[in-house]
Amino acid sequence: MKYIIVTGGVISGLGKGISASSIGRVLKSRGFNPTGIKIDPYLNFDAGTLNPFEHGEVFVLEDGGEVDLDLGNYERFLDVSLSRDHNITTGKIYGAVIEKERQGHFLGKTVQIIPHITDEIKERIRSIAHKSGADICIVELGGTVGDIESMPYLEAMRQLHMEVGGENCIFVHTTLIPVVMSVGEQKTKPTQHSVKELRSLGIQPDVIVARSNVPLESSIKAKISLFCNVPLEAVISAPNALTIYEIPVRFEEQGLTDYLMRKMNLTTEVNDGLEDWKSFLGHCLEPSGEVTICLVGKYMDLMDSYISHFEALRHAGAELDTAVKFKCVEAEDLESSSPEKVISDVDAVLIPGGFGERGIEGKIEATRFARENNIPFLGVCLGFQLAAIEFARNVLQLEGANSTEFDQHTKQPIVDLLPEQRGIDRKGATMRLGSQPVILSPGSKVHGLYGVAEISERHRHRFEVNPDFIDRLEEAGLRFTGKSPDARRMEVLELDGCDFFVASQFHPEFKSRPKKPSKLHWGLVQAAKVHAEAVKKG
Ligand code: GLN
């Protein structure tokens, strides 16, 4: 097993996850089988209880793990399915060590960060890497070198390096090269400081990935090489790119793959030249058409909150040779100003998942507007539930129709708690989570999109369309075209009078990949194209 440890310096938010994923992608192009582990040094057990404003979207895995969004990047770049173990948190590490202590596992010893916590970290990484069947394990350490909470992990990585040897464990450090505005000069001092910090902890980086607004000048590369004690060829320039899917190609062009292989003593005859990836990238960069899709959410200040939707729409756009422009609308804004003003110029509307009351009425308004004006519409999870509520209120005329999530005493509980959720009051990992089968009705729009009658998609919800209202909703024209195998749970709804009005209880965005876009996002972009054409023709 080879380990590639990706650390970050200077500031957070440099795209370490994209660097880690891109390294995996270029190694995959040489026939290796890399996997990824993300370490989040926070104390939460998992990402499931975190507000998206904290670290962005909560990504959901096949096994129902609620994890950091970087695992979504690994899955998309490497085209693999990961398990919840691939996201290590301090909560999990300390929880396991304390449990072992309670069981008497440490035989009377004083339990300490070194060696007990560091041993737990190393053991987990080794065991996950081996279980995954991969030959290279990329470990991304969240946060920035120097953070107190990262310290035990850096120490564990130093020990791992010593134990497995330098050719089996290498360090990639991602930093920022700021450009001083007045003189346009690229500055290496923050990078020097963060490498100095890393070295004081016993870690010498093997590669520096230098993020900047612009490509690194050769003199700056030389300076980083000299001051950070890294060969010139291992200083990688990572300027802002038009799309994240460019990064593997930029790494490959700078010889990073060959350098990594040499460092790790890996040889191979395989090299697909990233051909498939480049063809996908070509479609991303030079599309012939363009559509605008409006996403109505409630964490719009942080684009990462809905990252899997944006990526799924990009994957779909690339397949359809269409650039997808996003119009991001705060749901609450639709409560004070009319949707006519805010979303009449878009080609499609997407209402993503969510929790809590804030912004609900705005999302319902956007849904009404899309339905009444035949604007292509996709609702996901909460978006699915709200589509049923909007229909009940405005077509069935059920006044006050709501979800018991927002109005416990509503007389028309169109959306209600899943039966098995009653009595659950713990919040962590207690929703209906992960991959579940869904049966699609023959001849429906979704059936046409998926091309098969049984699918499997990822879930994350506590509420569902209330079975008591299904007959009435269907009689009025809402069709439930996807259901659980026992037909008890509604999974997909469609509206016949509209060109594309589809919503799903599951989250198709989590399984979308380059060249294998989510079927429902593909359907939405396709419908948006038709809509845009029709508008153009008047
Ligand atoms: N809040 C809703 C529920 O728990 C929807 C969840 C979601 O959109 N992920 O069922």
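Right, residue 407: under 27 Å from residue 295 (Cβ atoms), more than 29 Å from the chain's Cα centre (by Cα) and either within 12 Å of the ligand (Cβ to nearest atom) or part of a loop (DSSP other than H, G, I, E, B) (or both) or not? Yes: the conditions hold for residue 407. Could you tell me whether segment 227-242 includes any residue that is more than 14 Å from residue 174 (Cα to Cα) and buried (at least 22 other Cβ atoms within 10 Å of the Cβ)? Taking every residue of segment 227-242 in turn, none turns out to be more than 14 Å from residue 174 (Cα to Cα) and buried (at least 22 other Cβ atoms within 10 Å of the Cβ).
Every condition in (1) in a loop (DSSP other than H, G, I, E, B); (2) under 27 Å from residue 195 (Cβ atoms); (3) in contact with a Leu (Cβ under 7 Å, 6 or more places away or on another chain) holds for residue 13 except the one numbered (3). Just one residue in the set 441, 435 is surrounded by fewer than 20 Cβ atoms within 10 Å (Cβ to Cβ), of a type in the set (Gly, Ala, Ser), in contact (Cβ under 8 Å) with a residue 60 or more places away in the chain and closer than 27 Å to residue 319 by Cα; that residue is 435. Of the conditions (1) more than 30 Å from residue 31 (Cβ to Cβ); (2) in contact (Cβ under 8 Å) with a residue 24 or more places away in the chain, residue 131 satisfies every one except a single condition; which number is it? Here residue 131 meets the rest and fails (1).
Only a single item in (1) within 27 Å of residue 523 (Cα to Cα); (2) acidic (Asp, Glu); (3) within 13 Å of the ligand (Cβ to nearest atom) is not met by residue 416, and it is number (1). Yes or no: residue 97 of a type outside the set (Lys, Arg) and surrounded by 14 or more Cβ atoms within 10 Å (Cβ to Cβ)? When the stated conditions are applied, residue 97 passes them.
Every read-out reported here was derived from the displayed coordinates using simple, explicitly stated rules and does not represent laboratory data. Remember, predicted model here, so these are calculated numbers, not experimental data. All Cβ positions, glycine included, derive from the backbone under ideal geometry; neighbour counts span all protein chains shown.
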